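For reference, the structure discussed in these notes is given below.
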């Protein structure tokens with residue numbers, strides 16, 4: 001199945017991620033630590049810490065693309081690489097939640113912010 005995401009590799013843009021959330025064409029997973037997630041997150045994403053990803057992958061639909069997000073894109077890239085190896089159509093949101101917020105996109109809950117890592 002061809003991915004609905006526009007990507008030349010492992011990374012997708014914040015715009016592609018927003019579109020995938022809006023049309024539900026991909027699963028969006030936040031791999032940051034609990035305290036980072038609690039500070040602010042992309043609404044519509046689910047939370048599986050990077051350290052828990054091996055066990056948490058069973059919660060993901062292997063027939064739908066997955067976009068991983070973290071603070072700036074490093075941890076999400078590791079997650080995408082790992083799940084690609086496991087057979088998922090996996091991507092990392094380039095720039096992370098920091099870029100998302102810097103572009104003026106909202107974070108949940110109201111008043112959400114990007115926590116330091």
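The values are calculated or read from the model by the stated rules, or taken from the named source; none is laboratory data. Since the model is a prediction, treat every value here as computed from it, not as a measurement. Backbone-built Cβ (ideal geometry, glycine too); neighbour counts: all protein chains shown.
Output the number of residues of region 24-37 satisfying the condition of being in contact (Cβ under 8 Å) with a residue 24 or more places away in the chain and under 19 Å from residue 98 (Cα atoms). Lay out the reasoning, then the answer.
As a first pass, look at region 24-37 and keep what is in contact (Cβ under 8 Å) with a residue 24 or more places away in the chain: 25-33, 35-36.
Right, trim to under 19 Å from residue 98 (Cα atoms) and you get 28-33, 35-36.
Qualifying residue count, region 24-37: 8.
Being in contact (Cβ under 8 Å) with a residue 40 or more places away in the chain and within 22 Å of residue 19 (Cα to Cα) is the filter here; which residues of region 38-67 pass it?
40, 41, 42, 43, 63, 65, 66, 67
Hey, residue 62 hits all of (1) within 13 Å of residue 10 (Cβ to Cβ); (2) over 15 Å from the mean Cα position of the chain (by Cα) but one; which does it fall short on?
(1) is the only condition that residue 62 fails.
Restricting attention to region 2-24, does a residue exist that is in contact with a helix residue (DSSP H, G or I) (Cβ under 7 Å, 6 or more places away or on another chain), closer than 18 Å to residue 109 by Cβ and at pLDDT 95 or above?
no
Kindly indicate which of 87, 73, 95 is at positive phi and in contact with a strand residue (DSSP E or B) (Cβ under 8 Å, 6 or more places away or on another chain). Don't jump to the end; show me each part of the working.
Numbers: 87 fails: in contact with a strand residue (DSSP E or B) (Cβ under 8 Å, 6 or more places away or on another chain); 95 fails: in contact with a strand residue (DSSP E or B) (Cβ under 8 Å, 6 or more places away or on another chain).
That would be 73, the only listed residue that is at positive phi and in contact with a strand residue (DSSP E or B) (Cβ under 8 Å, 6 or more places away or on another chain).
Considering region 54-101 alone, what residues qualify as being out of contact with any helix residue (DSSP H, G or I) (no Cβ under 9 Å at 6 or more places or on another chain), surrounded by fewer than 23 Cβ atoms within 10 Å (Cβ to Cβ) and part of a helix (DSSP H, G or I)?
55, 56, 58, 59, 77, 81, 84, 85, 98, 101 - these are the residues of region 54-101 that are out of contact with any helix residue (DSSP H, G or I) (no Cβ under 9 Å at 6 or more places or on another chain), surrounded by fewer than 23 Cβ atoms within 10 Å (Cβ to Cβ) and part of a helix (DSSP H, G or I).
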